[in-house]
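The values are calculated or read from the model by the stated rules, or taken from the named source; none is laboratory data. Note that the coordinates shown come from a computational prediction; the quantities given were computed from them, not determined experimentally. All Cβ positions, even for glycine, are placed from backbone atoms using ideal geometry, and neighbour counts span all protein chains on display. Only protein heavy atoms, including side chains, enter the accessible area calculation; ligands, DNA and RNA are left aside. Shrake-Rupley method; radii C 1.70, N 1.55, O 1.52, S 1.80 Å.
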Amino acid sequence: TMGSDTKSLSSSKLDDIVQEQNWKYYESCQEDYGCCRRFWEEFLVHPYTVMEVTGQVVDVQKSFDFTPVWCAWIVKGLCWGLAITACVFDLLLYTGVYAFYMAYLQSWFLLGSILYLTLSLLITISCGFPRQPILGEERTNWNVCFTWAFYPVVVIMGLANLLQYWFFTSDEDGFIRDIDYFAILINAALPLLLIIEGQFINRIPIRFSHLPWSQLALIVYIGWSLIHYLAEIGNPDLDPDHQVDVILTKSNGISNINVAFADPMKDYKKLPIYSWLDWSREERGNTALYCGIILGAVIPIFFVVLYLISWPCRRYCRLEGSGSKSGDDSGDGGDGGGDDGMPDEVDLILFPGPMGMRFSKTTPPEITQINDDSPYKEDTDTNPVPIVEGMVVDTFTVGDETHYELNSKELVKLIKGSKDSDETRIMRCISPAMPLSVPPPPPDGDGEEEGEIEAVRVNLPSGSLGLELHGTPPEIKGIRDGSPIGDQVEVGMVADTLELENGDIFYQMSTEEFTGLLRDNMESEDRVVRFIDPNKLELTPDPGDALTPEAIELELPAGSLGMVFSKGTPPKITRMKDDSVMHGSGVEVGMLVDTLELLLPEDDEEEDGQESKYYELSGSEFTKLLKEHRDDEGRKVRFVWSEDDLTKPPEEEEEEEEE
């Protein structure tokens with residue numbers, strides 16, 4: 001992977017390093033693929049996906065645009081202008097019937113060239129520029145895909161027109177092929193210009209899956225020539241009425257490249273567009289042979305040449321993480337940043353206090369937000385490489401214990417449960433392109449027999465599982481034939497945890513609870529169950545039960561708390577604002593206010609310094625007292641989770657003792 005020092009390199013030097021890395025990677029892939037296998041897999045892959053069969057990712061912007069932008073505008077504008085010029089002069093010099101102009105392959109090629117060069121120029125001058133697909137996507141903007149699709153079709157059509165113009169058109173049929181500037185421009189220079197524009201100005205990747213589309217364009221033209229014959233449209237450019245015009249044109253020193261001299265003895269209603277596309281009974285066999293050779297041999301040969309030109313010209317994104325088979329490291333290893341500035345991996349040492357982050361409800365948890373006041377927003381001496389939004393949490397280590405395959409709830413509980421720990425806490429964050437760490441295998445000599453499974457996480461498909469479950473926890477008593485997960489679990493294993501698509505996780509379930517949850521979410525494909533061998537592993541404790549204290553008593557700081565309470569009795573915390581000073585104190589939304597202690601000032605009726613304790617407060621009474629004493633020191637509040645844990649007033653306790 002590229003090191004974090006790549007930002008100091010020039011863009012051209014960085015591009016050279018990236019391409020060298022990808023070329024070495026490709027050479028290493030050849031040992032596994034071989035040319036024939038790669039060609040075949042390229043033939044099967046979607047033609048316009050950015051993912052190569054070797055795992056490399058096409059750099060869309062470098063393939064369809066280049067910098068500086070002003071230079072791209074000028075170069076592509078000149079190419080577009082040259083194609084327009086060729087088409088305009090071809091129309092001006094055309095002495096045939098204009099309604100018949102589009103019957104010729106050359107006209108199809110000219111129109112296709114202008115359309116492709118227009119699309120290519122629009123990509124450069126558009127505000128959005130080519131968009132690199134994010135992780136999980138395979139295609140870029142629709143206009144880029146359309147340009148990508150059109151390019152090989154136009155180039156192959158241009159090469160086919162070059163072939164038919166210089167080699168297939170017969171002098172005996174009277175076709176005029178004077179070698180002048182415009183004949184060379186249209187029938188030789190323009191196809192070459194398209195190859196240069198697409199492969200050396202742009203860097204458009206050519207794949208074998210593009211070949212059928214290029215052949216299809218020629219098949220459509222051949223089909224048009226057959227319709228032309230069956231409909232007896234004929235070739236009006238060879239009508240004797242136009243002979244005088246042709247002769248006058250010749251006398252002015254200008255040659256028409258498509259029109260033949262008229263022969264008054266021929267029936268012009270049955271004449272073909274080209275002599276090699278004659279579908280009359282006498283020439284039908286030869287025409288079919290010509291078309292077969294062109295489609296089955298000539299076009300594939302042209303395509304292979306274009307493919308070989310494209311091969312070294314392709315531009316790829318930087319290889320991520322351990323994805324490089326070649327093992328080529330060009331920098332500082334795992335701390336390297338991608339084109340988007342995201343490091344491959346960061347071992348984040350956690351400080352006491354709030355983290356200032358938010359995580360998605362996924363497995364693994366993704367960092368969706370980093371607050372501006374977060375201590376991990378910028379690099380520090382302890383954490384020299386800052387994390388960025390979009391990274392995922394791989395592992396969480398407290399002291400010598402490392403936790404793997406965490407979901408968001410487990411991660412948050414671990415962070416809160418270890419906030420007062422004296423041991424070092426390390427949260428390993430990685431790029432989504434990096435592989436997740438796997439738990440280490442159990443030590444040898446623990447008596448485990450080969451083939452036995454201690455624990456397994458199973459992604460459940462939609463529908464029935466084909467398991468017979470009984471007891472608490474749900475134990476597998478039988479596996480029916482055809483069970484979709486029968487090859488992943490064994491009889492005797494028990495369901496430890498169940499994670500649903502919305503991120504909810506359930507622990508220590510009964511069979512009735514477990515099967516009910518499965519039925520309610522039967523159509524979901526994002527259900528994950530952890531099965532364990534109960535003889536070797538214990539059930540996972542509910543993190544809420546293990547890490548949530550029944551009551552918290554703490555001294556409130558002076559000023560506003562940034563919390564919202566219900567108006568009922570007892571007051572419940574319904575919201576904690578983002579800037580609340582109580583974040584990280586252990587207090588959470590949903591807790592109840594049990595008691596409030598205030599240190600009375602001198603001018604109160606009570607004695608100086610005496611504490612006054614309040615019980616069974618309503619929400620309005622509690623907030624009123626807080627506002628009246630908001631600047632006082634020594635305010636103490638006891639929070640509980642359940643009404644069963646509320647403290648009774650001293651009067652009620654004395655009455656119970658007397659009874």
Quiz item: Does region 578-601 contain any residue that is in a loop (DSSP other than H, G, I, E, B), crowded, with 16+ Cβ neighbours inside 10 Å, at pLDDT below 90 and over 52 Å from the mean Cα position of the chain (by Cα)?
Solution: yes
Quiz item: G492 versus (1) within 30 Å of L626 (Cα to Cα); (2) surrounded by fewer than 15 Cβ atoms within 10 Å (Cβ to Cβ); (3) among the small types (G, A, S): which is the lone unmet condition?
Solution: (1)
Self-check item: Of residues in region 509-520 being within 17 Å of R457 (Cβ to Cβ) and out of contact with any Pro (no Cβ under 6 Å at 6 or more places or on another chain), the one most open to solvent (accessible area, probe 1.4 Å)
Solution: L517
Practice problem: List every residue pair whose Cβ atoms sit under 6 Å apart, with the two residues 6 or more apart in sequence or on different chains, where the first one lies in region 357-370 and is free of Cβ contacts under 8 Å to residues at least 60 places away in the same chain and more than 14 Å from F396 (Cβ to Cβ) and the second, anywhere, is part of a loop (DSSP other than H, G, I, E, B) and open to solvent by less than 40 Å² (accessible area, probe 1.4 Å). | Solution: T368/S360
Quiz item: Can we say L226 is modelled with pLDDT of 90 or more, over 40 Å from the mean Cα position of the chain (by Cα) and either closer than 23 Å to S120 by Cβ or open to solvent by 30 Å² or more (accessible area, probe 1.4 Å) (or both)?
Solution: yes
Practice problem: Evaluate the following for T623: is it touching a Lys or Arg at 6+ places or on another chain (Cβ under 6 Å), open to solvent by less than 70 Å² (accessible area, probe 1.4 Å) and modelled with pLDDT of 85 or more? | Solution: no
Self-check item: First in region 185-213 and farther than 19 Å from W166 by Cα, second anywhere and open to solvent by 30 Å² or more (accessible area, probe 1.4 Å) and basic (K, R), Cβ under 8 Å, 6 or more apart
Solution: R203/K62; R203/R315
Quiz prompt | Considering residues of region 450-475 that are outside any loop (DSSP other than H, G, I, E, B) and more than 38 Å from the chain's Cα centre (by Cα) only, the residue farthest from P534 (Cα to Cα) | solution = E468
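When the residues of region 287-310 are narrowed to those that are open to solvent by 70 Å² or more (accessible area, probe 1.4 Å) and free of Cβ contacts under 8 Å to residues at least 40 places away in the same chain, which ends up nearest to the chain's Cα centre (by Cα)?
This residue is L308.
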